[in-house]
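To keep things clear, I will list the structure first and then write my remarks on it.
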Amino acid sequence: MSSVKHPRDHSDVNDEETDSRKKFKSLHYVDAGVRLLESKPVTNAENIGCVTLKDIIRHDHLESMYQFNFTVNLDFLMDALHPKVRDTAQVTVIHGHRFDETRLAIQADAKRYPNVRLLLPTLRDKYGTHHTKAMVLFFNRNGVKTARLVVSTANLCPEDWEQMTQGVYMSPLCPLKQDSQPVAGTVIGAEFGSEFERHLISYFQAYGPDLSALRKQVALYDWSQCKAILIGSVPGYHRGGTMNDWGLGRLAQVLRTRVKLSEKCCEQGSTIVAQCSSFPGVTEKWFDNDLGASLAEATNAKAAVKPTLKFIYPTAQEVRRSCTGIVDSAGFLRLDQKTFDQHEGWLKKRLCRWQSKRAGRQIVMPHIKTYTRITGDELEWFLLTSANLSRAAWGQYQKDHTQIYIKSYELGVLLCRELFQDLSDDVHLLPATVENRLPTIEEPMSSATIVPIRLPYDIPILPYGPEDECYTRGYASRALEDHFGSGSANLID
């Protein structure tokens, strides 16, 4: 079990003294709330600072929770709760089990838990999914009420939380607003809250009346101390004033209005790294002109050297040497051989290897999704999200960019320097590693705020070499056929 569990409310990260900390006495470290999940196949040292599901929800003062996810193992979820509240905490599960077999299974499981309510969101498109992975937790400790938002990349099943590289953002514990007990006739609504609260409630609004109680409850809490920007996707055609509320439109708008690139980035250039677990097949045009253009936005984008756009995805050799191997990895590394063959011409030159030795996840294949702009050894911004590299997740611009069509529900959090500039004018987002949890900047004795981010991969990133082969699910199919004979490849769904 790791020694660092929950993010403190953006206070100093001073749980260890290091030589570098002593040298740079004026560095101020801030915990952004980003963690990797603990993984069983790696060492204790590689799991320091990481969390489990029980770390997040196993508290005897948990009063209620809302779980948003795609795949849900209800027994796994309920077992993680503290025994004292397992039968009393009100649990609402918003899931993505659309097909009869899995939907009927979770409904049968729910009958054993009277305090569980299931919701299945409506999806307009058959290719859309409820892919968001998030939690809203409400606590009551001796009458003191708090709330927390958790955004993750993991399905609610054991293998996701134990055998894959995953990430999580945990907000601070947010207190009730001072005016949360209004007199008759007064209104407490999102319009009086922080930007974080407004977008959170707007996201829940997309689910319709089923989540009206949650929206009202969220509005009672003060989310202003959350130093993160929500980036959500909700299904539908978004145009006019709502086109920049969701998906690529939201991402581009946030970067364009909130993020100023560093002088070094503008002068020397940078790399935007997309990293995910599924590639359903997007065109080069969408990758560059829609996704790439959105990711390249900034308040001073015109002053910057054009960034290069790379895509991290494991090689066949890296998967072969992993804890899940060639066959089992096909269950979550979803790139079909046919899709790769179709896009290899432009995709191969973008591909980078899964290098995670310093990050402590080399043998644990990624289900995490991150998008990051990197200048040298610093991050311009960092996005942790449920959204894979797909038009269903991010959206497809239509009608000469006057509307965007999104098929799925997604949710992520973006971190940037500007969020922490109330603490210092000189803020640095730096990658933290297993051996260097408190990274420093080069300039000695400078007064600065450091926000360590535990990236799932090492930097500098490493492009595919001539001999590297991208892992596809075809490797799993061939392995099954070699072992079990012709026809067994159908086991790979």
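Bear in mind that the values in this text are calculations on the coordinates, not laboratory data. Note that this is a predicted model, so its numbers are computed, not measured. FYI the Cβ positions are ideal-geometry reconstructions off the backbone, even for glycines, and counts take in every protein chain you see.
For this structure, a couple of remarks:
- Convex hull volume of the Cα atoms of the stretch 281-367, normalised per residue: 126 Å³.
- Panel order for ARG198, ARG239, by other beta carbons found within 10 Å of each beta carbon, from fewest to most: ARG239, ARG198.
- The convex hull defined by the C-alpha atoms of the stretch 344-493 has an orientation-averaged projected area of 14.0 nm².
- Taking the DSSP beta bridges with both ends in the chain, the antiparallel portion is around 65 percent.
- Mean Cα-pair separation over length for the chain, i.e. relative contact order, pairs under 8 Å, 6 or more apart, %: 19
- Cβ-based exposure ranking for SER270, SER329, in which fewest neighbours within 10 Å come first: SER270, SER329
- Calculated FRET efficiency for the pair SER212/ASP341, C-beta based, R₀ 45 Å, to 0.05: 0.40
- Contact order for the stretch 191-244, expressed relative to its length and based on alpha carbon pairs under 8 Å spaced 6+ residues apart, stands at 43 percent.
- Violating pairs (Cα-Cα greater than 26 angstrom) within the set LYS133/LYS227; LYS227/LYS306; LYS126/LYS306; LYS306/LYS349; LYS357/LYS407: LYS227/LYS306; LYS126/LYS306; LYS357/LYS407
- Anisotropy class of the chain from Cα gyration tensor, a/c 1.5 cut: rounded
- Under 19 Å from a label point set 7 Å out along the Cα-to-Cβ vector of ALA303, the amide N atoms of the stretch 242-262 belong to 254-262.
- A Förster radius of 41 Å combined with the Cβ-Cβ distance from LEU123 to GLU267 puts the calculated FRET efficiency at roughly 0.35.
- Simple spin-label estimate for LYS285 and ASN44 in nanometres, 7 Å along Cα-Cβ: 5.7
- Ranked LEU137, LEU118, criterion: other C-beta atoms within 10 Å, fewest first: LEU118, LEU137
- Separation in nanometres of the label points that stand 7 Å from Cα toward Cβ, at GLU442 and HIS61: 4.6
- Measuring r between the beta carbons of ASN142 and GLN107 and using R0 = 51 Å, the FRET efficiency lands at 0.90.
- Stokes-Einstein diffusion for the stretch 192-351 at 10 °C, viscosity 1.306 mPa s, with a Kirkwood radius from C-alpha pairs, works out to 85 µm²/s.
- Derived scalar couplings between HN and Hα for the stretch 371-385 equal 9, 9, 9, 10, 10, x, 10, 10, 9, 6, 7, 9, 10, 10, 7 Hz in order, rounded to whole Hz, by the Karplus curve 6.51 cos²θ - 1.76 cosθ + 1.60 (θ = phi - 60°), x for Gly and Pro.
- Percent of beta bridges antiparallel (DSSP, the stretch 339-493, rounded to nearest 5): 75
- Here the label points at ALA316 and THR257, each 7 Å from Cα along the C-beta direction, are separated by 4.8 nm in the simple model.
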